[in-house]
Amino acid sequence: MVKILYVDPKNCISCRACEVACEREHEGISHIDVYPVEDVEISVPYTCRHCENAPCVTVCPTKALYRTDSGVFVNYLRCIGCRQCIVACPFGIPKFLDIHKVIVKCDLCRHRLIRNLPPACASTCPAEAISFIDEDEVTKIKRGVELSKISEAVKTARTLSYLRT
């Protein structure tokens, strides 16, 4: 079963532990950023979506960016630093690392995955806003959220119709 990085902003407490964990695993470079959204009083841990049909992979002229069943990764030996992936990514995720003249992005802590460990951001998050779970589990979570919304709407409708009679 394929596991994915699931982010639930409702649980994020803006502690930035995920950023610190990522920096620790990637020689001082964090591939995740926590953005507070003040209008709705939440924070969003923001990282690569590892898209199934990743535009960054499609535009890469040297095939330095490639997709496996696990996600989208970078072969740094092939990267020529053209930055086309930066332009193509709809989420603004790849970053150009000037010192090495290559792009960098989340690799799901590949060195940890090999040892059957979850990405550092997921294992570090104290609020469980970031988890590394099976795709099926994400589907169950989403269904649960939608069923709760429908249930609340039905309860509200019943209450309103009761008040009208």
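The values are calculated or read from the model by the stated rules, or taken from the named source; none is laboratory data. Given the structure is predicted, the values throughout are model-derived calculations rather than measurements. With ideal geometry, Cβ positions are generated from the backbone for all residues, glycine too; neighbour counts draw on all protein chains shown.
Residues in region 1-22 that are of a type in the set (D, E) and closer than 24 Å to E137 by Cα: D8 alone. When region 111-165 is limited to residues that are in a helix (DSSP H, G or I) and touching a Phe, Trp or Tyr at 6+ places or on another chain (Cβ under 7 Å), the one that is modelled with the highest pLDDT turns out to be A122. Suppose the filter is under 27 Å from M1 (Cα atoms), surrounded by 10 or more Cβ atoms within 10 Å (Cβ to Cβ) and not aromatic (F, W, Y); does N53 pass it? Here the answer is no, as N53 does not meet what is asked.
Looking at region 94-152, which of its residues are of a type in the set (V, I, T) and more than 29 Å from C82 (Cα to Cα)? If the condition is that a residue be of a type in the set (V, I, T) and more than 29 Å from C82 (Cα to Cα), then I114, T124, I130, I133, V138, T139, I141, V145, I150 are the ones that fit. Taken over region 128-160, the criterion of being among the hydrophobic types (A, V, I, L, M, F, W, C) and closer than 24 Å to K105 by Cβ is satisfied by A129, I130, F132, I133, V138.
One residue stands out in region 101-117 among those that are over 14 Å from C48 (Cβ atoms) and touching a residue at least 60 places away in the same chain (Cβ under 8 Å): the one that is surrounded by the most Cβ atoms within 10 Å (Cβ to Cβ), namely R112.
Taking the criterion of being of a type in the set (S, T, Y) and either under 11 Å from the mean Cα position of the chain (by Cα) or buried (at least 18 other Cβ atoms within 10 Å of the Cβ) (or both), the only residue of region 24-37 that qualifies is S30. Does region 45-62 contain at least one residue that is touching a strand residue (DSSP E or B) at 6+ places or on another chain (Cβ under 6 Å) and on the phi > 0 side of the Ramachandran plot? Within region 45-62, one or more residues are touching a strand residue (DSSP E or B) at 6+ places or on another chain (Cβ under 6 Å) and on the phi > 0 side of the Ramachandran plot.
Might you let me know whether region 51-60 holds any residue that is within 18 Å of V20 (Cα to Cα) and out of contact with any helix residue (DSSP H, G or I) (no Cβ under 6 Å at 6 or more places or on another chain)? Checked region 51-60: no residue is within 18 Å of V20 (Cα to Cα) and out of contact with any helix residue (DSSP H, G or I) (no Cβ under 6 Å at 6 or more places or on another chain). Give me the residue from region 1-20 that is surrounded by 12 or more Cβ atoms within 10 Å (Cβ to Cβ) and in contact with an Asp or Glu (Cβ under 7 Å, 6 or more places away or on another chain) and, out of that set, farthest from I114 (Cα to Cα). Per the stated criteria, the residue is N11. Of all the listed residues (V37, V59), the sole one being at pLDDT below 95 and not charged (D, E, K, R) is V37.
One line per residue, one yes/no per condition, for (1) in contact (Cβ under 8 Å) with a residue 60 or more places away in the chain; (2) assigned to a strand (DSSP E or B); (3) surrounded by 12 or more Cβ atoms within 10 Å (Cβ to Cβ):
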| residue | (1), (2), (3) |
| --- | --- |
| C22 | yes, no, yes |
| D39 | no, no, no |
| V44 | no, yes, yes |
| S70 | yes, no, yes |
| I80 | no, no, yes |
| C85 | no, no, yes |
| I99 | no, no, no |
